[in-house]
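The values are calculated or read from the model by the stated rules, or taken from the named source; none is laboratory data. For clarity, every value in this text was computed on a predicted model and none was experimentally measured. Reconstructed Cβ throughout: ideal geometry from the backbone, glycine too, with neighbour counts over all protein chains shown.
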Amino acid sequence: MIETLAGPKAEVEDLSASALLALARDRKAAEDRAAADLLEVAARWADLHPPESIHAAAVFSDGGRYGLEHEEPIAGEGCPAVAEFCIAELGAVLGISSTSAKRLIGHALELRHRLPRLWAQVQAGQVPAWRARTVAEATIHATPSLTMEAARWVDTQVASVAARVGPAQLDRLVAETIKRHELAEADPTADPDDGYLSVDPRHATLHAEDVHYAGTMRFEAELDIADALDLDRALAHGAETLKALGSQAPLDARRSAALGDLARTQTALDLHTQGSTAARSEDGLPVAREVVLHAHFDTGLDGLETVFGPTGRLEEGQRLVLLEQVKGWCRDSRTKVTVKPVIDLNAELSAPGYDIPDRIREQVILRDRTCVFPWCTRPARACDIDHVIAYDHEADAEGRQPGPTASSNLAPECRWHHRLKTHTGWRYDVTAPGVYEWTSPHGHHYRRDHTGTTRIDTPPRAADDPEPPGRP
């Protein structure tokens, strides 16, 4: 059953083409309205948690290892800062990571304080929130940073067309507007178009966070014309060589492989001519691949089966990886392969004292995979290992230790969420190996395990807590 904005419910199957279009339009308008409201909520949440709301007397110090809560500037110059730990509560109820919640609040403040024309258009339903947020993201992270005056100038130039151009055009317009302002600031008498010649656009960028499920990453570059043509010829030659050697891969895939071969060959030659004492492969050249990857397959390497064959899990990027890909990496004569022993993730390991031995640390990392705070995706290998029940350094050596260094009392937490748990009202308990139940300062409950986060319940509304204001 579908309820239209016009009134009574109707079966979708009974709607005419015109009615379906009207329903789609209404639903999109409702979605845009909700996104605009969420920006307003995020800005108001920041208003309720200014730096003045931080009370050092309400927290305890751990000797300075992590530091207490501080004010967090999350938008451009002229926007108010917020108490950093308020971000996590909003993110948790929205089902997003603390990083995403920080970005949401930052965009809301940037729009309200530095891009007021766009903010007004979003709240009036004239510009979708996502379009305005792309502009806010650009002005927040512009290099060099934009002054309030510069941001207002961008707002003036962009707001008039933000609702009428596509995403790519909008991105280009914002970038061009920022650059023109920089050039005008540098030399008010210069022709802005001439200034582009003084900007060096060359770069070679690996998008390490953009990992495809097929086990690939995106690499983009802006080269000198001569370098670009030389590279193109080298890739064309490498692709043809691979084809002559029997490769059946498409041309683009062979060009990609040729770029990898080019990189490895250059690495090996450079090290060889420098007389390096690094580890060498069977052909006498130094090991070219020195990237560390952690791939996990079930016993016998016959885990999850897909149409592509046996599939395991790659820690880097939290993605699936094909067994054939791993075999291909290992077959390269200049790849160094290290096989580590299998660790029983269900065994209870313990150690005397506070320090965590490597074998226990590795078990916890493999068991939990990421930071165990709700919705956080930071890889466990980059996290602190936290004693869930605090280790008591004052306990009698022969008495019972309430917070032992043991598998069942350890969990990975990224440094930010570790500080959050240490200095705020967030609390969590272990309910089973690798299963944690969190309680927020406002009484919301979440369960976190290796499969992700689940909301357990919603706290009842207090009698003196008014309903959220509705919108007519």
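Taking ARG218 and the conditions (1) surrounded by fewer than 13 Cβ atoms within 10 Å (Cβ to Cβ); (2) at pLDDT below 80; (3) not aliphatic (A, V, I, L, M), which numbered condition does it fall short on, given that it satisfies the others?
(2)
Can you tell me how many residues within segment 1-35 are within 21 Å of PRO128 (Cα to Cα), in a helix (DSSP H, G or I) and either modelled with pLDDT under 90 or among the aliphatic types (A, V, I, L, M) (or both)?
Number of matching residues: 8.
Among the residues of segment 232-241 satisfying the criterion of being without any contact (Cβ under 8 Å) to a residue 24 or more places away in the chain and either closer than 20 Å to HIS203 by Cα or under 36 Å from the mean Cα position of the chain (by Cα) (or both), which is surrounded by the fewest Cβ atoms within 10 Å (Cβ to Cβ)?
Residues of segment 232-241 without any contact (Cβ under 8 Å) to a residue 24 or more places away in the chain: 232-233, 236-237, 239-241.
Still in the running and either closer than 20 Å to HIS203 by Cα or under 36 Å from the mean Cα position of the chain (by Cα) (or both): 232-233, 236, 239.
Values: ASP232: 12, ARG233: 10, ALA236: 14, ALA239: 22.
Applying the filter and picking the extreme gives ARG233.
Being of a type outside the set (Val, Ile, Thr), over 19 Å from TRP45 (Cβ atoms) and assigned by TED's automatic domain parsing to the domain that holds SER53: is that true of TRP130 here? It would help to see each step written out before you state the result.
Numbers: of a type outside the set (Val, Ile, Thr): yes; over 19 Å from TRP45 (Cβ atoms): yes; assigned by TED's automatic domain parsing to the domain that holds SER53: yes.
Considered against the rule, which asks whether it is of a type outside the set (Val, Ile, Thr), over 19 Å from TRP45 (Cβ atoms) and assigned by TED's automatic domain parsing to the domain that holds SER53, TRP130 comes out as yes.
Could you please let me know if ARG112 is of a type in the set (Lys, Arg), under 23 Å from ASP32 (Cα atoms) and either outside the structural domain of THR370 (by TED's automatic domain parsing) or assigned to a helix (DSSP H, G or I) (or both)?
Numbers: of a type in the set (Lys, Arg): yes; under 23 Å from ASP32 (Cα atoms): yes; either outside the structural domain of THR370 (by TED's automatic domain parsing) or assigned to a helix (DSSP H, G or I) (or both): yes.
The answer is yes for ARG112.
Only one residue in ILE360, ILE365 is out of contact with any Ser or Thr (no Cβ under 8 Å at 6 or more places or on another chain) and at pLDDT 90 or above, so which one is that? Steps first, please.
Numbers: ILE360 fails: out of contact with any Ser or Thr (no Cβ under 8 Å at 6 or more places or on another chain).
So the residue among ILE360, ILE365 that is out of contact with any Ser or Thr (no Cβ under 8 Å at 6 or more places or on another chain) and at pLDDT 90 or above is ILE365.
For segment 449-460: of the residues being in a loop (DSSP other than H, G, I, E, B) and under 30 Å from ALA380 (Cβ atoms), which is modelled with the lowest pLDDT?
So the residue we want is PRO459.
If you check TRP119, TRP130, TRP153, which single one turns out to be aromatic (Phe, Trp, Tyr) and modelled with pLDDT under 90?
Numbers: TRP119 fails: modelled with pLDDT under 90; TRP130 fails: modelled with pLDDT under 90.
Sole residue among the options that is aromatic (Phe, Trp, Tyr) and modelled with pLDDT under 90: TRP153.
What's the total number of residues in segment 16-28 that are among the small types (Gly, Ala, Ser) and surrounded by 13 or more Cβ atoms within 10 Å (Cβ to Cβ)?
Residues of segment 16-28 among the small types (Gly, Ala, Ser): 16-19, 22, 24.
If we keep only those that are surrounded by 13 or more Cβ atoms within 10 Å (Cβ to Cβ) too, we end up with 19, 22.
Residues in segment 16-28 being among the small types (Gly, Ala, Ser) and surrounded by 13 or more Cβ atoms within 10 Å (Cβ to Cβ): 2 in total.
Within segment 147-162, does at least one residue satisfy the condition of being over 30 Å from HIS423 (Cβ atoms), without any contact (Cβ under 8 Å) to a residue 60 or more places away in the chain, among the hydroxyl-bearing types (Ser, Thr, Tyr) and assigned to a loop (DSSP other than H, G, I, E, B)? Lay out the reasoning, then the answer.
Just the residues of segment 147-162 that are over 30 Å from HIS423 (Cβ atoms), to begin with: 147-162.
Applying the additional criterion that residues be without any contact (Cβ under 8 Å) to a residue 60 or more places away in the chain yields 149-150, 152-162.
If we keep only those that are among the hydroxyl-bearing types (Ser, Thr, Tyr) as well, we get 156, 160.
Next, only the ones that are assigned to a loop (DSSP other than H, G, I, E, B) stay: 160.
Yes, segment 147-162 contains a residue that is over 30 Å from HIS423 (Cβ atoms), without any contact (Cβ under 8 Å) to a residue 60 or more places away in the chain, among the hydroxyl-bearing types (Ser, Thr, Tyr) and assigned to a loop (DSSP other than H, G, I, E, B).
Any idea which of (1) of a type in the set (A, V, I, L, M); (2) without any contact (Cβ under 8 Å) to a residue 24 or more places away in the chain; (3) surrounded by fewer than 18 Cβ atoms within 10 Å (Cβ to Cβ); (4) farther than 26 Å from THR177 by Cβ is the one ILE87 doesn't satisfy?
(3)
For segment 178-199, which positions are at pLDDT 65 or above and not assigned by TED's automatic domain parsing to the domain that holds ARG152?
Matches in segment 178-199: none.
Here is a yes/no grid of residues against (1) out of contact with any Gly (no Cβ under 8 Å at 6 or more places or on another chain); (2) closer than 30 Å to LEU90 by Cα; (3) not assigned by TED's automatic domain parsing to the domain that holds SER407; (4) not in a helix (DSSP H, G or I):
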{"position": "LEU345", "(1), (2), (3), (4)": "no, no, yes, yes"}
{"position": "ILE356", "(1), (2), (3), (4)": "yes, no, no, yes"}
{"position": "ILE360", "(1), (2), (3), (4)": "yes, no, no, no"}
{"position": "GLN363", "(1), (2), (3), (4)": "yes, no, no, no"}
{"position": "ARG367", "(1), (2), (3), (4)": "no, yes, no, no"}
{"position": "VAL372", "(1), (2), (3), (4)": "yes, yes, no, yes"}
{"position": "THR377", "(1), (2), (3), (4)": "yes, yes, no, yes"}
{"position": "ARG381", "(1), (2), (3), (4)": "yes, yes, no, no"}
{"position": "ILE385", "(1), (2), (3), (4)": "yes, yes, no, yes"}
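To keep it simple, each residue is scored yes or no on (1) under 15 Å from ILE389 (Cα atoms); (2) touching a His at 6+ places or on another chain (Cβ under 9 Å); (3) in a loop (DSSP other than H, G, I, E, B); (4) modelled with pLDDT of 90 or more.
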site	(1), (2), (3), (4)
ALA411	yes, yes, no, yes
HIS417	no, no, no, yes
GLY443	no, no, yes, yes
ARG447	no, no, no, yes
ALA462	no, no, yes, no
PRO468	no, no, yes, no
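Restricting attention to segment 115-126, which residues are of a type in the set (A, V, I, L, M, F, W, C) and assigned to a helix (DSSP H, G or I)? Working first, answer last.
Step one: filter segment 115-126 for residues of a type in the set (A, V, I, L, M, F, W, C), giving 115, 118-120, 122, 124.
Within segment 115-126, LEU118, TRP119, ALA120, VAL122 meet the criteria.
I'd like the residue in segment 145-165 that is in contact with a Pro (Cβ under 9 Å, 6 or more places away or on another chain) and not aliphatic (A, V, I, L, M) and, out of all such residues, is surrounded by the most Cβ atoms within 10 Å (Cβ to Cβ).
Per the criteria, the residue is ASP155.
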